[in-house]
Amino acid sequence: MTLGADIPRTGTVVLGIETSCDETAAAIVVDATDVRSSIVSSQVDLHARFGGVVPEIASRAHVETINPVIAEAIVKAGVVDGDIDAVAATYGPGLVGALLVGVSTAKALAMVWGVPFVAVNHLEAHLYASFLEDPSLELPAVVLLVSGGHTMLVAMEGHGQYRLLGSTIDDAAGEAFDKVARYLGLGYPGGPAIDHVSNQGDPHAIKFPRAMRDEGFDFSFSGLKTSVINYVRKHPDVSTPDVAASFQEAVVDVLVEKARRAAREIGAKGMCLGGGVAANSLLRERFLDACVQDGIHGFLPSRAMCTDNAAMVAAAGWWRLQSDGPSPLDTGAIPNLRLV
Ligand code: KG4
Ligand code: ZN
C-alpha cells in the first residue's frame, strides 16, 4: 500500500503555520501534495550570538514576523483569502511562547474566514514531509526522525498509525551536533557547520564510541559528545576537521545501522528521513545506500523539507482534517506533546 493511494483530489487549500522554535513559516499546500508556496523566515541570526535559541527572543520575533510571512505565502501561491479551506498550525512540541503565536494566529484567521482550524503535532508534520514529496512511498515505512529536539525511529503503518520503535535516552542527534560544534568553535547552528567542515577531515582519524549500537532501537549521544570533548582536551593540536568528520561518522553509523535493523524487523517496504539532521550529507548518502542494498523504497526529503517549514504542517493538517475533522478552538499549545 502507498500512502498517496488514498488522497482524494478535492482541491482543498490549506494554509500551514509553523512557529514551534526559531523559524516563522507559512505555506499554502493543496491536497497535501501540491506545495504552492512555502515561506520560512529564520531567526538564526538573532540567536547565534547566544549559541542557542533564546525562548523570549523567539516569541517576540514570531509576533513581528508572522503576519508578513503569511501574507507572502498567500501572495506567492497566487490565491486569495477566500480560497483557503483550512488553517493548520503546530501546537506542540516546542517552546510554549513560540507555539502560542502560531496557534493564536491560526485560530483568529480560521474564525475570521469561517474555515476549520487544525492543530498539528510538529513531529507528525516532520513524518509527513517525505510523503508530501513522494506520495508513492510504501507502507509500512520506517521513519528516522532526527532533529534538534528529537531522535526517533518510528514505524508508520497507515495514516496516523505510528509505533515508536526507539528514541534517544539523552541528547537528540541535532543537539549533539550543536554542542560538539560549539565546543569546536564552529558556531551555531552546529549541524550544517560540522557537515561542511567534515568534508576536509578524515572520518576514520579518531575512533569515537558507538553507544548502544547492538541494543534495541534506542539511542544515546551524550557519551559521544563527552568523548569528543575529552579527546580534544587531551590532544589540543588535533585537526578540527578530523574531529568533526570522526564525530559525524560515529553518529551516522549508529543512525543508519538502527534504521536498517528496524526496517528488517517490521518488514518495511519504505524508509525515509525527517527532521533537521536529515539535511546532513553523510547521513543522506549512507541512508540511501542502505535502502538500495536492502531493496527498500527509500526517500530523502529535499533539504528545505527536512528543516522546520510550514508545508509539512499544511500536509499533516490536511490528513488530520480528513481523519479527525476540525480541532476545537480551545486547543492550546502543548510544549511537551508526544507523537505516540
Ligand atoms: O528540525 P529542525 O529544523 O528543528 C527542530 O525541530 O529541532 O532541526 C534543527 C537541527 C539542529 O540541531 C541543526 O544543527 C540540525 O538540525 N541540522 C543538521 C544539519 N542541518 C541542520 N545536522 C547535521 N547536518 C546538517 N546538515
Ligand atoms: Zn522540527
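The values are calculated or read from the model by the stated rules, or taken from the named source; none is laboratory data. Predicted model only: the values in this text are computed from it and were never measured. Because the Cβ atoms are built from the backbone with ideal geometry, glycine has one as well, and the counts that use them run over all protein chains shown. In case anyone asks, the SASA skips ligands and DNA or RNA and just uses the protein heavy atoms, side chains included. Shrake-Rupley method; radii C 1.70, N 1.55, O 1.52, S 1.80 Å.
For the reader, a short list of remarks on this structure follows.
- The fraction of accessible area contributed by carbon and sulfur in the chain is 52 percent, rounded to a whole number (1.4 Å probe; ligands and nucleic acids excluded).
- Between 0 and 90°, nearest 10: helix 281-294 axis offset from the chain longest Cα axis: 90
- The Cα atoms of region 276-322 give a gyration tensor whose axes a ≥ b ≥ c have a/c of 1.5 or more with a/b no greater than b/c, which makes the shape oblate.
- Charged-residue dipole, Cβ positions (Lys, Arg, Asp, Glu), the chain about Cα centre, Debye nearest 20: 520
- Extending 7 Å from Cα along the Cβ direction at D324 and again at Y183 yields two label points whose distance is 3.9 nm.
- Solvent-accessible surface of region 1-132, averaged per residue with a 1.4 angstrom probe and all protein chains in place: 37 square angstrom.
- Approximate spin-label separation V75-R49, in nm, with each point projected 7 Å along Cα-to-Cβ: 3.0
- Folded to 0 to 90 degrees: helix 240-266 orientation relative to the chain principal axis, Cα: 60
- For region 66-225: rounded, prolate or oblate by the Cα gyration tensor [a/c cutoff 1.5]: prolate
- With θ taken as phi - 60° and the Karplus curve 6.51 cos²θ - 1.76 cosθ + 1.60 applied, the whole-hertz 3J(HN,Hα) list for region 106-121 is 4, 5, 4, 5, 4, 5, 5, 7, x, 10, x, 9, 10, 7, 10, 6 Hz, x standing for glycine and proline.
- Net charge in the neighbourhood of V112 (other residues with Cβ under 15 Å of its Cβ; Lys, Arg +1, Asp, Glu -1) is -2.
- Placing R213, R49, R264 in order of accessible area, with the largest value first and a 1.4 Å probe, yields R49, R264, R213.
- Using just its DSSP H runs of length 4 or more, each adding -39500 (n - 2.57), the chain gives a mean residue ellipticity at 222 nm of -14000 deg cm²/dmol after division by all residues.
- Pairwise Cα distances in region 28-156 exceed 22 Å in 45 percent of cases.
- Taking I84, I70, I229 in turn, the Gaussian network model of the chain (Cα-Cα springs below 10 Å) assigns the largest fluctuation to I229.
- Gyration tensor verdict on region 74-132 (Cα atoms; rounded if a/c is under 1.5, prolate if a/b is larger than b/c, oblate otherwise): oblate
- 10 Å beta-carbon shell around G201, net charge (K/R +1, D/E -1): -3
- Global dimensions of region 143-190 from alpha-carbon coordinates: Rg and Dmax equal 13.6, 43 Å.
- Entries of K107/K179; K207/K258; K179/K234; K225/K258; K76/K107 with Cα pairs more than 30 Å apart: K107/K179
- Antiparallel beta bridges, as assigned by DSSP with both residues in the chain, represent about 60 percent of the total such bridges.
- Fluctuation leader among N67, N199, N230 - the chain, Gaussian network, Cα springs under 10 angstrom: N230
- Largest GNM mean-square fluctuation across E257, E133, E215, computed for the chain with C-alpha springs under 10 Å, falls on E215.
- Over all pairs of different C-alpha atoms in the chain, the reciprocal of the mean inverse distance, the Kirkwood hydrodynamic radius, equals 20.2 Å.
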